[in-house]
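Data first, discussion second: the structure below is written as structure tokens.
We did not get these values from a lab; they are worked out from the coordinates using the rules stated. Computed from a predicted structure; not experimentally measured. Cβ coordinates were reconstructed from backbone atoms using ideal geometry, including for glycine residues, and neighbour counts include every protein chain displayed.
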Amino acid sequence: FVPDGAPPGMVAVGAANGAFGLGVCLRHGFEAGAAAASDSGRSGTAGSAPVADDEAFSLTPLWHIPGKGKAFVDQQHDVTASDVELAQREGFESVEHLKRYTTLGMATDQGKTSNIAGLAIMAAVTGKSIPETGTTIYRPPYVPVAIGAFAGHHRDETFHATRLTPSHHWAAEQGAVFVDTGLWKRAQWYPRAGEKDWLESVTREVKAVRGGVGFCDVSTLGKIDVHGPDAGVFLDRVYINSFSNLAVGKARYGLMLREDGIVYDDGTTSRLAEDHYFLTTTTAKAGLVMQHLEFCRQVLFPELDVQLSSVSDQWAQFSIAGPKTRDLLREIVDPAEDLSNEGFPFMGAREVALRGGIKARLFRISFSGEMAFEISVPARYGEALVRNLMIAGKSLGVTPYGTEALGVM
């Protein structure tokens with residue numbers, strides 16, 4: 001086995017190139033060194049090559065030492081020398097047949113630690129040379145490759161995965177400035193031509209919402225469906241306030257505690273049916289709250305008949321706020337739905353139909369402090385909803401606002 005090719009600038013000499021006598025090694029080394037010096041632009045003479053005799057030597061390949069025990073050839077797939085010999089007796093002499101019959105060289109190293117020995121044993125039992133026996137076809141990479149070469153730089157935008165909200169591409173079209181919120185990209189504000197800085201943009205958004213109507217994508221909130229006859233009792237035990245007495249069609253704010261009484265998370269929980277609650281978590285704690293609730297369900301309260309489903313990615317949710325909120329909603333919600341204060345009071349929550357028949361969930365809740373609703377639609381309709389809000393609200397001066405304006409309000 002000698003190199004049959006090398007990268008530019010690399011020359012194998014001596015034993016690496018199959019020369020084992022001292023004299024020939026010195027001669028080849030001198031020639032390669034002189035050529036390398038010349039190629040690098042050096043001038044002058046290299047002198048005379050050292051002279052030595054080539055001592056006698058003999059090489060005998062040793063692939064397998066016969067014995068009573070098993071001789072493992074492929075350590076990953078437990079292929080033994082007797083497996084290779086059995087393959088030959090069964091007629092699987094082709095190296096590709098040998099590979100598939102014994103799984104030699106089919107592990108994660110793709111034969112780099114076993115194929116030479118395995119093929120040499122096959123060559124010996126068939127009475128052929130290794131070149132006559134042949135080699136199998138390797139899958140790339142043919143040489144070890146660092147995982148980092150596949151993963152890319154582990155910093156900045158490539159440091160972690162990025163999650164996009166249903167309205168992200170639309171927001172990017174509007175020139176939104178995004179902020180990293182955990183793995184999410186959220187619109188921070190929407191600058192307009194002529195605005196000098198972020199504060200001017202945020203101030204405009206706040207005034208537009210307080211004087212008219214605006215909307216904000218809040219899809220990043222964690223969302224969990226809680227089902228089962230004991231769902232209310234279960235929520236009573238994980239929040240400081242009770243939910244078993246919450247009326248169907250109503251929402252309630254809840255503060256969640258850990259086992260030691262320390263505040264863990266908060267959010268609103270809505271009762272959509274006798275045995276169905278829909279709760280929201282903070283963006284940062286979405287996964288951890290789901291993990292905590294599963295621990296409570298499986299370990300602390302296994303006697304309760306309750307099931308949990310993480311539906312954070314299933315729903316696109318938007319907060320629509322401002323004194324003209326109902327006017328905007330009436331443009332997209334089925335006219336049969338009663339959105340009046342009496343028909344849909346504060347902290348109300350129910351399923352509604354949108355124009356066109358799409359089912360949505362509507363909540364009369366507000367984080368911004370303004371008169372507001374939050375509307376949820378299946379995530380695949382999220383971008384369509386935001387574009388229709390802009391069309392339906394054009395005469396109302398509808399304004400998209402980001403997380404900065406949300407914080408101000």
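General remarks:
- Translational diffusion coefficient (Stokes-Einstein; Kirkwood radius from C-alpha pairs) of segment 351-409 at 10 °C, 1.306 mPa s, in µm²/s: 123
- Listed residue (SER114, GLY9, GLY23) projecting farthest to the positive dipole end of the chain, Cβ model: GLY9
- In a DSSP loop and with at most 16 other Cβ atoms within 10 Å, the GluC sites (Glu not before Pro) in segment 207-297 are GLU259, GLU274.
- With the charge dipole of the chain set up from +1 on Lys and Arg Cβ and -1 on Asp and Glu Cβ about the Cα centre, the Cα lying farthest toward the positive end among the listed residues GLY348, LEU308, HIS169 is that of GLY348.
- Taking the Cα centre of segment 242-376 as origin and assigning +1 to Lys and Arg Cβ atoms and -1 to Asp and Glu Cβ atoms, the resulting dipole is close to 320 debye.
- Point-charge dipole on Cβ atoms (K/R +1, D/E -1) for the chain, about Cα centre, debye to 20: 1040
- All-pairs Cα distance distribution in segment 223-308, expressed in whole percent, bin size 5 Å: 3, 16, 30, 29, 17, 5, 0
- Relative to the globular-protein estimate of 2.2 N^0.38 Å, the Cα radius of gyration of the chain stands at 1.66.
- Annotation: Cα Rg of segment 72-133 relative to the compact-globule expectation 2.2 N^0.38 Å equals 0.97.
- Using θ = phi - 60° and Karplus 6.51 cos²θ - 1.76 cosθ + 1.60, couplings along segment 45-54 (whole Hz; Gly, Pro as x): 9, 8, x, 9, 6, x, 10, 8, 7, 8
- Alpha carbon convex hull of segment 158-204, projected area averaged over orientations, nm²: 3.9
- Cα centre as origin, Lys/Arg/Asp/Glu Cβ charges: segment 223-308 dipole, Debye: 320
- Of ILE65, ILE332, SER244, farthest towards positive along the dipole that unit charges on Lys, Arg, Asp, Glu beta carbons give the chain: ILE332
- Backbone geometry of segment 112-126 corresponds, through the Karplus equation with coefficients 6.51, -1.76 and 1.60 at θ = phi - 60°, to 3J(HN,Hα) couplings of 5, 9, 9, 5, 4, 5, x, 5, 5, 5, 4, 4, 5, 6, 9 Hz, x marking Gly and Pro.
- Across segment 1-59, the convex hull enclosing all Cα atoms gives 56 Å³ per residue.
- Binned Cα-Cα distances of segment 104-227, short to long, each 10 Å bin given as a whole percent: 10, 22, 17, 12, 12, 11, 10, 5, 2, 0
- Considering every alpha-carbon pair of segment 181-221, the percent of pairs per 10 Å bin, from zero through the bin containing the longest distance, is 26, 45, 28, 1.
- Mean Cα-pair separation over length for the chain, i.e. relative contact order, pairs under 8 Å, 6 or more apart, %: 13
- Applying a threshold of 25 Å to the alpha-carbon distances of LYS185/LYS223; LYS70/LYS112; LYS196/LYS324; LYS99/LYS128 flags LYS196/LYS324 as lying beyond it.
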